[in-house]
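What follows is a single structure, written as structure tokens, with notes after it.
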Ligand code: SAM
């Protein structure tokens, strides 16, 4: 019986056969742990009525598993040297399409229409290239694609930031952006030895379950995220000092009154505010023309 791609021996065989060399600059660390794959697949909750978008299939360790459980799989890979390898290893599966493209430059709405129409749901499932984790996640969330959830392997530190609650050092603008759109849940922590080559950081699988509606109501999303970014501009400064970027020095007293009217002490730091408090502050700033 042919071994799974996500085993050390099969991965090494494929790499040797195709004389593949890893590109560190593309975040190429291939997964060789089938137990972690089991957990990723279970978290995604796929079946043959659903689609899966995989970002960065590499030599196909996760793609192979997705092909067995999902109705359709689209795998977007930037490295053209991997395309013939993927076509070779995926030849037993007729539900997989390999797309040679940079995910950040891919028209995802078009891809959804072309590959996933008629399916009951779509998940994004990936072992992400760590150098572009945040831009990829933000693109997936901001484009408001019809997707059920995102189950991805990321650097552990980034997973902790996405799932962080107010009050700690991990909580910041990434936590708020992710939690505005999704409910995060850390699935498992993954040691470096689960990959070839082994990265020198720990990884984690995180599930982001898409909310039906955003977590809070805001007058304008761009303004909300601008307020959040500005509030965190200098973490050690008070909220009032950071948000004076909106009021100017001359209206700082008014800004402090406005924060108090939202039940927020001006000397608090951004990392202590909940999403609802940020939404209230954003609304008050908008109302006052700041
Ligand atoms: N899924 C494979 C696995 O788990 O073994 C490979 C994961 S590896 C961490 C990341 C993959 O993403 C690599 O194959 C890399 O070439 C690809 N990649 C890097 N940047 C990309 C981008 N901007 N768009 C699409 N794929 C990208």
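All of the numbers you see were taken from the coordinates with simple rules; none came from a lab. This one's a predicted model, so the numbers in the text were calculated from it and none came from an experiment. When we count neighbours, we look across all protein chains shown, and the Cβ atoms used for this are built from the backbone with ideal geometry, even at glycine.
One table, with the values for the structure above:
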read-out: The range 15-57, subset part of a helix (DSSP H, G or I) and touching a strand residue (DSSP E or B) at 6+ places or on another chain (Cβ under 6 Å), residue surrounded by the fewest Cβ atoms within 10 Å (Cβ to Cβ); value: 39
read-out: Among residues of the range 144-164, those that are within 15 Å of the ligand (Cβ to nearest atom) and touching a helix residue (DSSP H, G or I) at 6+ places or on another chain (Cβ under 8 Å), counted; value: 7
read-out: Selection count where residues are more than 35 Å from the chain's Cα centre (by Cα) and free of Cβ contacts under 8 Å to residues at least 12 places away in the same chain, scope the range 249-269; value: 4
read-out: Residue count for the range 116-140, restricted to those that are more than 10 Å from the ligand (Cβ to nearest atom) and either more than 10 Å from the chain's Cα centre (by Cα) or within 19 Å of residue 50 (Cα to Cα) (or both); value: 10
read-out: Selection within the range 1-14 - free of Cβ contacts under 8 Å to residues at least 60 places away in the same chain, in a helix (DSSP H, G or I) and either within 11 Å of the ligand (Cβ to nearest atom) or exposed (fewer than 13 other Cβ atoms within 10 Å of the Cβ) (or both); value: 9
read-out: Candidates 62, 53 - the one that is within 19 Å of residue 210 (Cβ to Cβ) and within 12 Å of the ligand (Cβ to nearest atom); value: 53
read-out: Check on residue 108, in contact (Cβ under 8 Å) with a residue 24 or more places away in the chain, farther than 18 Å from residue 5 by Cβ, surrounded by 13 or more Cβ atoms within 10 Å (Cβ to Cβ) and within 14 Å of the ligand (Cβ to nearest atom); value: yes
read-out: In the range 82-100, residue farthest from the ligand (Cβ to nearest atom) [restricted to those that are in contact with a strand residue (DSSP E or B) (Cβ under 8 Å, 6 or more places away or on another chain) and over 17 Å from residue 125 (Cβ atoms)]; value: 87
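For (1) free of Cβ contacts under 8 Å to residues at least 12 places away in the same chain; (2) within 8 Å of the ligand (Cβ to nearest atom); (3) farther than 28 Å from residue 201 by Cβ; (4) in contact with a helix residue (DSSP H, G or I) (Cβ under 9 Å, 6 or more places away or on another chain), each residue gets a yes or a no:
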| residue | (1), (2), (3), (4) |
| --- | --- |
| 22 | no, no, no, yes |
| 33 | no, no, no, yes |
| 44 | no, no, no, yes |
| 58 | no, yes, no, yes |
| 69 | no, no, yes, yes |
| 77 | no, yes, no, yes |
